[in-house]
């Protein structure tokens with residue numbers, strides 16, 4: 001069971017049209033593993049939209065805002081962003097309904 005604590009981040013990304021879906025999905029799986037190795041990352045998982053297979057939803061939980069900031073400075077995060085395999089659609093932070101803020 002996931003912790004009630006932490007900062008939840010959801011990001012929606014899209015695999016670019018010039019990219020092979022299966023290859024990018026493999027890279028996204030590796031990226032999630034790399035995220036989970038970060039000190040402040042408690043959870044990282046990707047889900048593929050069944051109706052739009054190029055759309056990927058990333059669910060992440062971090063200990064705090066500092067961990068999120070550190071995440072974006074990690075070499076694997078910068079490499080993934082700079083790979084141009086995907087485009088950022090939207091992202092937001094959320095809290096569990098009835099959970100700790």
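Worth pointing out:
- Among the residues of this structure, residue 34 does not count as one that is out of contact with any strand residue (DSSP E or B) (no Cβ under 7 Å at 6 or more places or on another chain) and touching a residue at least 60 places away in the same chain (Cβ under 8 Å).
- Scan of the stretch 10-22 for residues that are out of contact with any strand residue (DSSP E or B) (no Cβ under 8 Å at 6 or more places or on another chain) and either within 15 Å of residue 88 (Cα to Cα) or in contact (Cβ under 8 Å) with a residue 12 or more places away in the chain (or both), ordered by number: 17
- Scanning the stretch 49-90 for residues that are over 16 Å from residue 15 (Cβ atoms) and exposed (fewer than 14 other Cβ atoms within 10 Å of the Cβ) yields a count of 9.
- When residue 39 is tested against the conditions (1) under 23 Å from residue 84 (Cβ atoms); (2) touching a residue at least 12 places away in the same chain (Cβ under 8 Å); (3) loosely packed, with under 13 Cβ neighbours inside 10 Å, the lone failure is (1).
FYI, it's all coordinate maths here, none of it is from the lab. Given the structure is predicted, the values throughout are model-derived calculations rather than measurements. Here Cβ is always computed from backbone atoms with ideal geometry, including for glycine, and neighbour counts include all displayed protein chains.
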